Every structure is written in structure tokens, then in C-alpha cells.
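Structure, as C-alpha cells:
The values are calculated or read from the model by the stated rules, or taken from the named source; none is laboratory data. Please read these numbers as outputs of a predicted model, since none were measured by experiment. Every residue, glycine as well, gets a Cβ built from its backbone with ideal geometry; the counts of neighbours run over all protein chains shown. The accessibility values were calculated without ligands, DNA or RNA, using every heavy atom of the protein model including side chains. Shrake-Rupley method; radii C 1.70, N 1.55, O 1.52, S 1.80 Å.
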Amino acid sequence: EKSGYEHFMLKEIHEQPQSLRDVMRGRLLPEEGMSRLGGITLSDADLAKVERITITACGTSWHAGLLGEYLLEELARIPVDVQYASEFRYKNPVIEDNTLVLAISQSGETADTLAALREAKRRGALTMGIVNVVGSTIARETDFGMHLHAGPEIGVASTKAFTSQIVALVLFSLYMGRRRDMSVLEGREMVEALQRLPDQVEEILQQTDDLRTLAEEFADARNFLYLGRGYQFPVALEGALKLKEVSYIHAEGYPAAEMKHGPIALIDEEMPVVFLAPRDPVYAKVVSNIEEVKARSGRVIAVVSDDAPELQGKVDHLIRVPQTVPALLPVLTTIPLQLLAYHAAILRGCDVDQPRNLAKSVTVE
Ligand code: M6R
């Protein structure tokens, strides 16, 4: 069942080139620089009326939702807010006409996400789902949506579902963006970058031995910080969650520049700090955040694209990922963080597939 892998988590990490091909299959229109989404059964006229999107989810799916905010705002110019389903369901959410509520869930059965969805429907919202499990309750109860086709995810820690959620959100942003003010050339660039993505993930997966060595150096740490900006901020949150849930090392994710408003007080020679620093429009800003941490003797692991000459000799470890458009870099930078969490957990003797106190799908409040 684990096809030769020792754990489901490792198997599912390694399945990502395939799960990414599967979420894109039949959905790319390279000439038009567009996506074709058969599950979006809304008419063009009704789609044009969507003025605002509220995304609701829990855990890793909430992190994908946060990326959805950056993606939809940048690519489709639609205002988005992202709410924890457990909060949304008990507050008094404002749902205006023309608000689309988007529920994201791997299992399609998470109790809080389902309750948030039902509350949104009660208030007359149009609802969409991005779900992995076909026939699940959330898939059935939303007006329309997209399936991830990632195959079963058995490991409690979500891995392949997260990267597929990101790609699904990129496809949806393209779908909405090209109907608004995204040019055909921008659309084509995105489609071409999507086509390259599975092979780029494959390339990163070959670094698994290097990440094991890195994990050996840090497996005894008591705390970790994960920092990123823009599209890399949600990746920082997800990297920290992955490490916490499988290795039980305390970790926090933060927007890199928020560090100086508090967490910087934690930095000393004991504190590993993972910086997400691929080459994107905020790269130079992240480099100066790295310098702030090094000035306080923090141990810096930087995830970078290409050779990052600015960081050579300045950080303790560099992890390289291939270059792509900023909107897709989160898929690539997530992979080494999954492997780091996995190897740290194994070295600490943890049960990666069934971490203590956790269930694969949280069907109670
Ligand atoms: O099935 P869902 O995507 O709705 O699940 C949401 C969370 O329970 C889930 O992502 C959880 O945070 C994972 N253990 C993260 O790895």
C-alpha cells in the first residue's frame, strides 16, 4: 500500500509530481492563456457579478486559502477575505449580494468548514468548494466547485492536497482573471509555468538526502521560526504547522517583517530560522530581514531560487528550488519544508502518519 515507502507521508510527498499533473489534466488552454473548469457551472454573466470572495477553511486548507487571497487579488483583482471556519460559523459574518463563499477542504467532511458553509448558504451566499474527496458532504452541498483529483491522502499531515489546492486556486484565479483584466500574454506565461511545475517538483524531491542531513543538525532544536513575505507568508505558516504536527517541535510562522514587532526578541544562537527567500518582487526586502536575524546570531536556513549570490556566505544553509513565476513559487518552496518536517520527526522517533492527538479528518467541533 505504501508502494515501497516507509510511511504514507513520504509516499504522498513523492506523489506530488503526479498529483500536480492530475489537478491540471484537461484544464489548461495554452493558446488562450486560460483554464477550462468543467465544474464551474455558473454562466459567464453570473461569474461577472462576483464582487467579493470569502474563503473559509481549517488548518492546512486555511493556509491554501490565504494563498488564494494573494492569488485572486493579484491575478483577478477580486477582493478576498479568508476566515477560519470555526470563527466564521459563530460570528455574524457580513455576506453581501454578489459575495461568493469558497470552502476549501481535503476531506470534504471537516465539521467547522461544513458548518461555515451551511451558515453562508442560510444567508443566501453563492457557494463553491475546492475539495479532494469526490462525493464528500462539502462537495455535495456547494453550488459548484473543483475537485483536486490528488488521490487518497492517508497521512494525517496534509502534503499533496496542499500543493494541489494551490494549483487549483491558480487555475481558478486564471479563470476569473482572464474574464477581467488579465492579458492573454500574462495568461500564457502562467499556463507555461504550470506545465513546467511537475518536473520542477521532481527535481526538488531529489534533494531528500540533503534535507535529512539538515534535519540531523536541527532535530534537537526546541523552537523554530518560519518567515516569508507575500506569497511566501502562507508557506511559512504551513512549514511551521507541518513541523509542529509531526515532530512536536514548537514552531511559529510569521510575515518576515513582523518579526521586529516582537518575535525578534526570541532570536539567539539557539534559534533556527527558516526564511522563504526565492527570487520574487520582495526578495531584496527578505534579504534585509535575514541580515537582521544574522546580526542577532540566529541560525538561518534559507530556501532560495537559483544561486542567490546575495546570500552566499551569509546564511548557515541554502536550500535551492528552481525558478518560476512568483505565484507558483509556493508549490516549490513547500516541498523542502515537508521533507524537513518528515525527517526531523523520524529522527525524533515520532509516528509521522498518526501524530498524537490528531485525526485525519476532524468531524467534531
Ligand atoms: O480535510 P480538511 O482539509 O478540511 O482538513 C483541515 C485540517 O484539519 C487539516 O488541514 C489539518 O490541519 C492537517 N492535519 C494539516 O496537516
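Label separation (K260 vs E141): 4.6 nm, computed from points 7 Å beyond Cα along the C-beta direction. Looking at the range 68-139, the trypsin sites (Lys or Arg not before Pro) that sit in a DSSP loop and have at most 14 other Cβ atoms within 10 Å of their own Cβ are R77, K91, R123.
Contact order for the range 211-358, expressed relative to its length and based on alpha carbon pairs under 8 Å spaced 6+ residues apart, stands at 31 percent. Calculated FRET efficiency, E269 to N357, Cβ-Cβ distance, R0 = 41 Å: about 0.85 to the nearest 0.05. Sorting 214-224, 336-346 by average packing, meaning the other beta carbons within 10 Å per residue, from highest down gives 336-346, 214-224. Computed extension length for D81-R122: 12.8 nm, one decimal, from 0.36 nm per residue of separation with the Cα-Cα distance subtracted.
For K314, the aspartates and glutamates whose Cα comes closer than 12 Å to its Cα, not counting residues fewer than 8 places off in the same chain, are E291, E292. Only helices enter the 222 nm calculation for the chain: every DSSP H run of n ≥ 4 contributes -39,500 (n - 2.57), and dividing by all residues gives -13000 deg cm²/dmol, rounded to 500. Note on D316 and D209: the model spin-label points, each 7 Å out from Cα along the C-beta direction, lie 2.4 nm apart.
Summarising the label geometry, the points placed 7 Å from Cα in the beta-carbon direction at E365 and E216 lie 4.9 nm from one another. Note on the chain: with neighbouring protein chains present and a 1.4 Å probe, carbon and sulfur make up 47 percent of its accessible heavy-atom surface.
Straight-distance candidates among the lysines for linking to K244, with alpha-carbon spacing under 22 Å and chain neighbours fewer than 8 residues away dropped: K11, K160, K360. Let's test the formula: R0 of 25 Å, r as the Cβ-Cβ distance of L47 and Y90. What FRET efficiency results, to the nearest 0.05? Efficiency computed from Cβ-Cβ geometry: 0.25.
Taking every protein chain into account, the accessible area of the range 1-130 amounts to 43 square angstrom per residue (probe 1.4 Å). Kindly list the residues of the range 340-364 that lie in the label zone of Y248, defined by a backbone N under 20 Å from the point 7 Å along the Cα-to-C-beta vector. Only 340-360 pass the distance filter. Per-residue surface analysis assigns Y254 an accessible area of about 60 Å², computed on protein heavy atoms at 1.4 Å probe radius. In the context of the full set of protein chains, the range 243-364 has a per residue accessible area of 41 Å² (1.4 Å probe).
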